[in-house]
Amino acid sequence: MGVRAGHFRATQATAEAQGGWTRNLHRHRAVYVPRGPLLLVSFDTMDAHLNPAPRRPWAWDLAETAGWSHLGLMTGPRNDWYRQRAVFDFFDGLCDSGFFHRFDDVVFYGSSMGGFAACTFVAAAPGARVVAISPQSTLLRTCVPFERRYPMGLRHGDWEDPRYLDAAGCLQLVRSAVVLVDPCHAVDAAHVARLPDTRLAVLRCPHMGHRIPHHLAQMGGFGGLMREVIEGQGDRRGFARHLRRRKVSASYHKALIKAALARGHPALAGQVLARYRRLPDAPPLPHLARRLRLVANSA
């Protein structure tokens, strides 16, 4: 089952009212809205189907605010990492028709499953750019034996069709790629290590785990930050300045406490918990505090 028609109807009407179009791609839908000379090609994350109606593609508000043209791929509840023939054929058709040549700049954008899609379907638009957050490079076990998190993605997707199969090859065709990743997250870091380093910029987000967008959003200014990155205006220094906000982020402190405990550093976890409690309006963390006491008492 793909995107429910009732949840999608308002988005379809909005796109068509602005001169755009929609396509039903079996288990997925594509929404196109023409605006400016930059085209953002975005891909839903795996939990997007849980969002209430009206369903919008990933980065819908960001593209609208920035005035970018937007092609959004939407997924249904049966996550298959966009590994469906209808999606392959759709991007083949866009490439063959010269669709991407209409724009001055094309950026493929996504996170996790959507990041995988951004890093692979960019092969349909050689010379485009990529911005991906915690992407998988592929789910093929022969290429990534360390990846065991998504067995349903392997089961539901078509991993025999050679098209758009592995980011390690597809990213050879890009003008540039920016990848956000937690270097302390072993599996995510291993995926990024497979990517070609030519024209690749890696923005490190330590101790944010796989949910980097969540933590960056909690810090505030996530939309503005990603707009700079997508428009190619951001740099490492600007990104580092944004990361300083983690010092007052409750979600980041919680992630850091969990990471310290997982790595067997209860003293460090205690120090971070003490800092967390001094944050304004920080809610109590009874479960983490209890876990910290248990670890400390057993040491």
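How do the helices (runs of 4 or more DSSP H) wholly within the stretch 165-228 filter down when requiring 3 or more residues that are buried (at least 16 other Cβ atoms within 10 Å of the Cβ) and without any contact (Cβ under 8 Å) to a residue 40 or more places away in the chain: which remain?
Helices (runs of 4 or more DSSP H) meeting the threshold: 212-219.
If a residue must be over 18 Å from the mean Cα position of the chain (by Cα) and either of a type in the set (F, W, Y) or outside the structural domain of S111 (by TED's automatic domain parsing) (or both), how many such residues does the stretch 140-174 contain?
The number of residues fulfilling the criteria is 2.
Checking Q271 against (1) within 16 Å of K247 (Cα to Cα); (2) modelled with pLDDT of 85 or more; (3) outside any helix (DSSP H, G or I), only one condition comes out false. Which one?
Among (1) within 16 Å of K247 (Cα to Cα); (2) modelled with pLDDT of 85 or more; (3) outside any helix (DSSP H, G or I), the lone unmet condition for Q271 is (3).
Would you call V192 touching a strand residue (DSSP E or B) at 6+ places or on another chain (Cβ under 8 Å) and in the same structural domain as W68 (by TED's automatic domain parsing)?
Yes: the conditions hold for V192.
Got at least one residue in the stretch 124-132 being free of Cβ contacts under 8 Å to residues at least 40 places away in the same chain and assigned to a helix (DSSP H, G or I)?
The answer is no; no qualifying residue exists.
For residues in the stretch 274-296 being of a type in the set (G, A, S) and assigned to a helix (DSSP H, G or I), which is nearest to R245 (Cα to Cα)?
A274
Can you find even one residue in the stretch 97-108 that is in contact with an Asp or Glu (Cβ under 8 Å, 6 or more places away or on another chain), in contact (Cβ under 8 Å) with a residue 60 or more places away in the chain and on the phi < 0 side of the Ramachandran plot?
Among the residues of the stretch 97-108, not one is in contact with an Asp or Glu (Cβ under 8 Å, 6 or more places away or on another chain), in contact (Cβ under 8 Å) with a residue 60 or more places away in the chain and on the phi < 0 side of the Ramachandran plot, which makes the answer no.
Determine whether the stretch 13-24 contains at least one residue that is within 18 Å of M113 (Cβ to Cβ) and part of a strand (DSSP E or B).
no
If we keep just the residues of the stretch 45-70 that are among the charged types (D, E, K, R) and in a loop (DSSP other than H, G, I, E, B), which is surrounded by the fewest Cβ atoms within 10 Å (Cβ to Cβ)?
D47
Among the numbered criteria (1) within 27 Å of H210 (Cα to Cα); (2) part of a loop (DSSP other than H, G, I, E, B), which single criterion is violated by L73?
(2)
Do we find a residue being modelled with pLDDT of 85 or more, surrounded by 13 or more Cβ atoms within 10 Å (Cβ to Cβ), in contact with a strand residue (DSSP E or B) (Cβ under 6 Å, 6 or more places away or on another chain) and in the same structural domain as V181 (by TED's automatic domain parsing) anywhere in the stretch 240-259?
The answer is no; no qualifying residue exists.
Return yes or no: is G232 under 19 Å from the mean Cα position of the chain (by Cα), surrounded by fewer than 16 Cβ atoms within 10 Å (Cβ to Cβ), in a helix (DSSP H, G or I) and touching a residue at least 12 places away in the same chain (Cβ under 8 Å)?
No; evaluated as a whole, the condition is false for this residue.
The values are calculated or read from the model by the stated rules, or taken from the named source; none is laboratory data. Because the structure is predicted, anything quoted here is derived from the model rather than measured. A quick note on method: Cβ atoms are made from the backbone with ideal geometry, for glycine too, and the neighbour counts reach across all protein chains shown.
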